[in-house]
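Asker: Okay, here's the structure, questions in a sec.
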Amino acid sequence: MKFYTLISALLLLIPTVLGRICLKDVSVQYLKRGTTRVSRTANCYYHCIFAFHTRIVDSSYTAQTCELASKTELRSECCDGYAKNSRGECLPVCEGGCINGTCNAPNQCGCAEGYQLRGNRCLPVCDVECVLGVCTKPGQCTCLPGYTKQTDTECAPVCETPCENGRCIAPNTCECDHGFEKYWFSDYQCFPKCDPTIADCSYGTCVAPNRCRCAVGFVFSGHRCVPQCDTTCVNGDCTSPNRCTCKEGFSTSSGDSNVCVPICASGCQHGTCVGPNTCQCSGGYNATSTDPNLCEPSCDPTHVDVSNGQCIAPNVLRCSEGYVLERSSGLMRCRSSVEGGQEIPTGLLTST
């Protein structure tokens, strides 16, 4: 029974072996031997009877010959795509070899378990795709340069210096978080960004996205850091810590640096400067019709008749020349100083 089994196996191998061996005309080199006749002619000099003579001598001999020749023979050789191994077996040839596999036919590789044929190469297979890495063995990922293992199949970039307020997106490359930005002097530090229209940190420091920490003497108001004055500036603006700058038309009060008083260029006689070049007349005085900042005395017509005189102070009457002041029935007036042919001395009287 074993004998028949062996015979059957050999019969199955015959087509395979015959498919690898071909009859070919082969040029074979061999050593060709023979003989040849060699002739020589020489001059012979000799001395005879007190004189020198010359004689030509002919000689010949048979020599053996040997040369390398070639002939064509029909021989069994490995077919195209096959080559003999050290034991003389014709085996298929795969250009580049079959790493991680076996050459089953000319330029046809059969991959080992865990490998897959791609092109003419057997590459390892990983059931889960390697992220930022390469499948180097069946089911095993190797990270690319500059990356490190996070899980069995995932690699993450490495930044030699940790990213501050950002994340590592590639080897030694940081990306800033939202609201942060990098400056030219640092590749790994991200600094908070403040939009001047939202948070103007001109007098402070941007400590978080759109968030200012104001300098000493400043407070955040509206959308920016503004100077702080402990005492409110009257008619002025706080332009630096505890320093008021007066508005146009005002000047600092001599008694209080945080109070700005209005300026009246021509002064306010008989009145008070209540605004830039604006006078408010004191009691008993009224603004003139020609100049609102010029105050003139006022005499109440129900008590003072200014005819023939001049109001020189509130309800104070000065009579014109030739008139004298008199009070009659609560009314002050100026009457002629000449009555009944007698002159009455003129003078200045005031109402009580």
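The values are calculated or read from the model by the stated rules, or taken from the named source; none is laboratory data. If you're wondering where the values come from, they're calculated on a predicted model, not measured in any experiment. Ideal geometry is used to build each Cβ from the backbone, glycine not excepted, and the neighbour counts take in all protein chains shown. For the accessible areas, the whole protein counts, side chains as well, though only heavy atoms, and no ligand, DNA or RNA atoms are used. Shrake-Rupley method; radii C 1.70, N 1.55, O 1.52, S 1.80 Å.
Asker: From the list T205, T239, T231, T197, which one is touching a His at 6+ places or on another chain (Cβ under 9 Å) and farther than 23 Å from C264 by Cα?
Answerer: T197
Asker: Does G146 fit the bill of being closer than 29 Å to P276 by Cβ and either modelled with pLDDT of 95 or more or under 30 Å from the mean Cα position of the chain (by Cα) (or both)?
Answerer: no
Asker: Follow-up. Condition test on E89, is it under 28 Å from G139 (Cα atoms), modelled with pLDDT of 85 or more and of a type in the set (D, E, K, R)?
Answerer: The answer is no for E89.
Asker: Moving to a separate point now. Do we find that D230 is open to solvent by 40 Å² or more (accessible area, probe 1.4 Å), assigned to a strand (DSSP E or B) and either touching a Gly at 6+ places or on another chain (Cβ under 7 Å) or closer than 30 Å to D200 by Cα (or both) in this structure?
Answerer: Taking the combined requirement at face value, the residue does not satisfy it.
Asker: Would you mind stating whether C273 is modelled with pLDDT under 95 and either part of a loop (DSSP other than H, G, I, E, B) or touching a Leu at 6+ places or on another chain (Cβ under 9 Å) (or both)?
Answerer: Considered against the rule, which asks whether it is modelled with pLDDT under 95 and either part of a loop (DSSP other than H, G, I, E, B) or touching a Leu at 6+ places or on another chain (Cβ under 9 Å) (or both), C273 comes out as no.
Asker: Here is a follow-up. Please note which strands (runs of 3 or more DSSP E) are completely contained in segment 27-106 and include at least 3 residues that are closer than 28 Å to R121 by Cα.
Answerer: So the answer is 82-84, 90-92, 101-105.
Asker: Scan segment 25-59 for residues that are in contact with a Leu (Cβ under 9 Å, 6 or more places away or on another chain) and open to solvent by 80 Å² or more (accessible area, probe 1.4 Å) and jot them down.
Answerer: Residues satisfying the conditions are D25, Q29, Y30, L31, K32.
Asker: Can you tell me how many residues within segment 257-275 are open to solvent by 40 Å² or more (accessible area, probe 1.4 Å), of a type in the set (S, T, N, Q) and more than 25 Å from A313 (Cα to Cα)?
Answerer: So the count comes out to 1.
Asker: In segment 190-212, which residues are in contact with a Pro (Cβ under 7 Å, 6 or more places away or on another chain) and among the β-branched types (V, I, T)?
Answerer: Hit for segment 190-212 is V207, nothing else.
Asker: Mind checking which residues of segment 201-236 are among the aromatic types (F, W, Y) and more than 27 Å from G255 (Cα to Cα)?
Answerer: Y203, F220 - these are the residues of segment 201-236 that are among the aromatic types (F, W, Y) and more than 27 Å from G255 (Cα to Cα).
Asker: Since C319 meets every condition but one in (1) surrounded by fewer than 17 Cβ atoms within 10 Å (Cβ to Cβ); (2) modelled with pLDDT of 90 or more, which condition does it not meet?
Answerer: The single condition C319 does not satisfy is (1).
Asker: Mind listing whichever residues of segment 200-216 are closer than 30 Å to V261 by Cα and buried (at least 16 other Cβ atoms within 10 Å of the Cβ)?
Answerer: Passing the criteria: only Y203.
Asker: A further question on this structure: Could you say which residue among C109, C98 is within 20 Å of A83 (Cβ to Cβ), open to solvent by less than 60 Å² (accessible area, probe 1.4 Å) and free of Cβ contacts under 8 Å to residues at least 24 places away in the same chain?
Answerer: Of C109, C98, the one residue that is within 20 Å of A83 (Cβ to Cβ), open to solvent by less than 60 Å² (accessible area, probe 1.4 Å) and free of Cβ contacts under 8 Å to residues at least 24 places away in the same chain is C109.
Asker: Could you count how many residues in segment 236-256 are assigned to a strand (DSSP E or B) and open to solvent by less than 70 Å² (accessible area, probe 1.4 Å)?
Answerer: The total comes to 8.
Asker: If the requirement is being of a type outside the set (G, A, S), under 30 Å from C168 (Cβ atoms) and open to solvent by less than 60 Å² (accessible area, probe 1.4 Å), which of these qualifies: L123, L132?
Answerer: Just one listed residue meets the conditions, L123.
Asker: What pairs come up if the first residue lies in segment 60-74 and is farther than 22 Å from R40 by Cβ, the second is aromatic (F, W, Y) and open to solvent by less than 90 Å² (accessible area, probe 1.4 Å), and their beta carbons are under 9 Å apart, counting only those six or more places apart or on different chains?
Answerer: Partner pairs satisfying both residue conditions: L68/Y30; A69/Y30; S70/Y30; K71/Y30.
Asker: When you check C159 against the structure, is it out of contact with any His (no Cβ under 9 Å at 6 or more places or on another chain), open to solvent by less than 40 Å² (accessible area, probe 1.4 Å) and modelled with pLDDT under 90, yes or no?
Answerer: Against the criterion (out of contact with any His (no Cβ under 9 Å at 6 or more places or on another chain), open to solvent by less than 40 Å² (accessible area, probe 1.4 Å) and modelled with pLDDT under 90), C159 does not qualify.
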